[in-house]
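All remarks here apply to the structure that follows.
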Amino acid sequence: MRHPKVYLSPSKQPHNIYATGNTNEEKEMVEVSKLLKRVLEEEYGIETVLSDLSLDIGRNGRPKEARDKGCSIYLAIHSNAGGSGKAKGAVALFHPASKDSKALGRILVEELNGICPYGSNRSEPLVDGMRAFQGKGFGEIRTPYEYGITPVLMETNFHDHMDIAKWMTGNKEVIARSYGRALAKFLQVGKKTSHDPIKDPVSKAADESALYRVQVGAFRKIENAEELKARLWSLGFEGFISNR
């Protein structure tokens, strides 16, 4: 079965400066999007289009490119600001007329908040993207939907929060993999396997019947544990922290 094609539109806002790291929203989100394209294609086999970065987000820019290339999901990838540097958490903007838009936004928020060591304080992590601009809505929500594409505009987290800005700039691979897991979950696509289970039934049986765990460290300070967990995520390994 042919899976939907995903269109990635990273931020075009170089003037949105991060609280630390001498960097900006456009630079960071372009890098995340490039990593995400690789994750989706190589690990999940999901066909992905990274926008022509020279295009604007107007009707005849990126949304039209997404339509012309046959994409069915339009994911705008941004980072956020506000709350005097104290706001935390992922926020998804969706189109209210699209159940898939809201469903995908919810999965993305859950995944992104799940990897960040700084808990969300957002009372409204899912936002109607058509409420803005006196009901005209965000262009990257409105126009893709008009083209028949499921849109979500993601605010990855708050780049004006000092600790989160530092975390985001140092964990782009982790963030890209989180985006990838969310999209794969929404599309109900599993990871590619390294062996053919039909030709290799022994390996399949072993995979399904055994579970092996590796403990890689123990720390007295939670900060050190969080740092190691983030490094593991960046290498593609999932981990958890326990005090037991």
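The values are calculated or read from the model by the stated rules, or taken from the named source; none is laboratory data. Fair warning: this is a prediction, and the values are worked out from it, not measured in the lab. Backbone-built Cβ (ideal geometry, glycine too); neighbour counts: all protein chains shown. Protein only, heavy atoms only, side chains kept; ligands, DNA and RNA dropped before computing areas. Shrake-Rupley method; radii C 1.70, N 1.55, O 1.52, S 1.80 Å.
For the reader, a short list of remarks on this structure follows.
Here's the yes/no breakdown for (1) assigned to a loop (DSSP other than H, G, I, E, B); (2) of a type in the set (A, V, I, L, M, F, W, C); (3) touching a residue at least 40 places away in the same chain (Cβ under 8 Å):
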residue	(1), (2), (3)
MET130	yes, yes, no
PHE133	yes, yes, no
ILE141	no, yes, yes
TYR145	no, no, yes
LEU153	no, yes, yes
ASP160	yes, no, yes
ALA165	no, yes, yes
VAL174	no, yes, yes
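- Residue list for region 60-79, filter: assigned to a loop (DSSP other than H, G, I, E, B) and within 30 Å of ASP160 (Cβ to Cβ): GLY61
- Residue satisfying condition, being open to solvent by 30 Å² or more (accessible area, probe 1.4 Å) and touching a strand residue (DSSP E or B) at 6+ places or on another chain (Cβ under 8 Å), within set PRO144, PRO151, PRO125, PRO117: PRO125
- Residue within region 85-96 that is over 23 Å from GLU173 (Cβ atoms), touching a residue at least 12 places away in the same chain (Cβ under 8 Å), surrounded by 15 or more Cβ atoms within 10 Å (Cβ to Cβ) and of a type in the set (Lys, Arg) present: no
- Restricting region 97-113 to residues that are open to solvent by 50 Å² or more (accessible area, probe 1.4 Å) and not in a loop (DSSP other than H, G, I, E, B) leaves a set whose member that is farthest from ILE149 (Cα to Cα) is GLU110.
- Region 1-56: number of residues that are among the charged types (D, E, K, R), surrounded by fewer than 19 Cβ atoms within 10 Å (Cβ to Cβ) and farther than 19 Å from ARG181 by Cα: 4
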